[in-house]
Amino acid sequence: MKKTKVWMALAGVGLAGVLAWWIGKTPGKVNGEAGAEQAGAVPAAVARVQRGALQNSLRIAGEFKPFQDVDLHAKVAGYIRTMYVDVGDHVKEGQVIAVLEIPELAAELAGADASVRRWHEEIRRAQGDVQRAESAHAAAHAACERLEQAAATRPGIVAQQEIDDAHAKDLEGEAQVASVRAALSSAQQQLEMAQANQKQYGALANYSRIVAPFAGVITTRYADTGALIAAGTSSSAQSMSVVHLAQISKLRLVLPIPESMAGQIRVGNSVKVHVQALNQDIEGKVSRFANSLDLQTRTMETEIDFDNRDGKLIPEMYAETALTLAANKSALLVPLEAVAQTGNDATVLAVNGNNLIEEKHVKLGMQGTTRVEVLSGLSENDRVIIGNRSQFRSGEKVAPKELTPRSAEAAGAS
């Protein structure tokens, strides 16, 4: 009985201690909850609007192309007499690639040369005829004038018949001069025609020598010695190329720019290129762009020129490029997750000095991977809410917890 009373007394003391602890702790908790409810502050992660460097870039794959690339054809038909180059040979501008054998053309050129020589002789003969005719006419004209002067001085001393004969010889001599002059003019015209034929056949003969239009490398050889080559200007037959020539001392990197970015391309935009085959990075600038979209791919061809005199780059190599479309070293930046966009309208939830939420409309500029440029609507050092916006509303009071730029970017990346 005594033991039972002892245990009951101990239990009572323990219960009293628990009640005392609960009474001491509960009011603080109740009061804290009430304070929080009275303040109405909801915890919110915020970031400062700060200035920093930002660039709008596009990553895209492209391939290198020769700066100039052409199949060389013969302008006249003939057999290849000599082939001077082979695949991989480097040639200079104007260097002879191959020579054609064209017997018919050689005969025509010889005939044209002979015709020119003939008409030179005809002109010399006609010039002699003109000199003789002019001399005879001058003598007849002088005799006629002397008789006319004598008859005028002493009438009747010279018979009229003699005067008429002298006048007729004068006219005959004048007509003879006109005739030989016409013959001379005709011979000169024939010489011009012969010379034109000579130039034509001479030009065709020069076409028998196939030369390099620019310095480059022979990438393909299509014909061998003795092969019959059709004229490249003939539309009635399929002409065969002699060789393929590519200029590789300078290359074009060709990029297919998507339609959405085509309007931002400018000559001089910087480009960083990573060549996977060489594991090498090079830099360049946009040299030209098509200003027109491919209707099938909806892309615009853009080219960057690269010096390749060392021969490290090979045509058709692929490259990964980072094309800088725009850059600003002092842009007003906010984290991407702070911005909500609906069509062309963009808003942020800003926290004012009283820790109240204000919804602000902003105008956006360039967009990076984690931050976006604000052109208007915010000022430097303004606070904006990042994270889930659905749990906040305008006018609500918050307890802001400011994140550093790195932690804000990490939050956005997550």
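Read-outs throughout are calculated quantities, based only on the coordinates presented, and are distinct from any laboratory measurement. The model shown is predicted, which means the values in this text are computed figures rather than measured ones.
Couple of notes before you dig in:
- In the range 104-206, Cα pairs under 8 Å separated by at least six residues give a relative contact order of 51 percent.
- Rounded, prolate or oblate (a/c below 1.5 giving rounded, otherwise prolate when a/b exceeds b/c) for the chain by Cα gyration tensor: prolate
- Relative contact order (%) - the chain, alpha-carbon pairs under 8 angstrom, separation at least six: 27 percent
- Whichever aspartates and glutamates have a C-alpha closer than 14 Å to that of LYS401, once near sequence neighbours (fewer than 8 apart) are set aside: ASP382
- Counted residue by residue at 0.36 nm each, then reduced by the alpha carbon distance between them, the extension gain from ASP129 to LYS250 reaches 37.1 nm.
- Subset of LYS285/LYS363; LYS363/LYS397; LYS92/LYS312; LYS285/LYS329; LYS92/LYS285; LYS250/LYS312 violating a 22 Å alpha-carbon distance limit: LYS285/LYS363; LYS363/LYS397; LYS92/LYS285
- Using θ = phi - 60° and Karplus 6.51 cos²θ - 1.76 cosθ + 1.60, couplings along the range 374-390 (whole Hz; Gly, Pro as x): 10, 8, 7, x, 9, 10, 4, 6, 4, 9, 10, 7, 10, x, 6, 7, 5
- Cα shape, the range 228-343, gyration tensor, a/c 1.5 rule: prolate
- For the chain, the membrane-span-like helix rule (DSSP H, alpha carbon extent of at least 20 Å along the helix axis, mean Kyte-Doolittle at least -0.5) picks out 2-39; this says nothing about an actual membrane.
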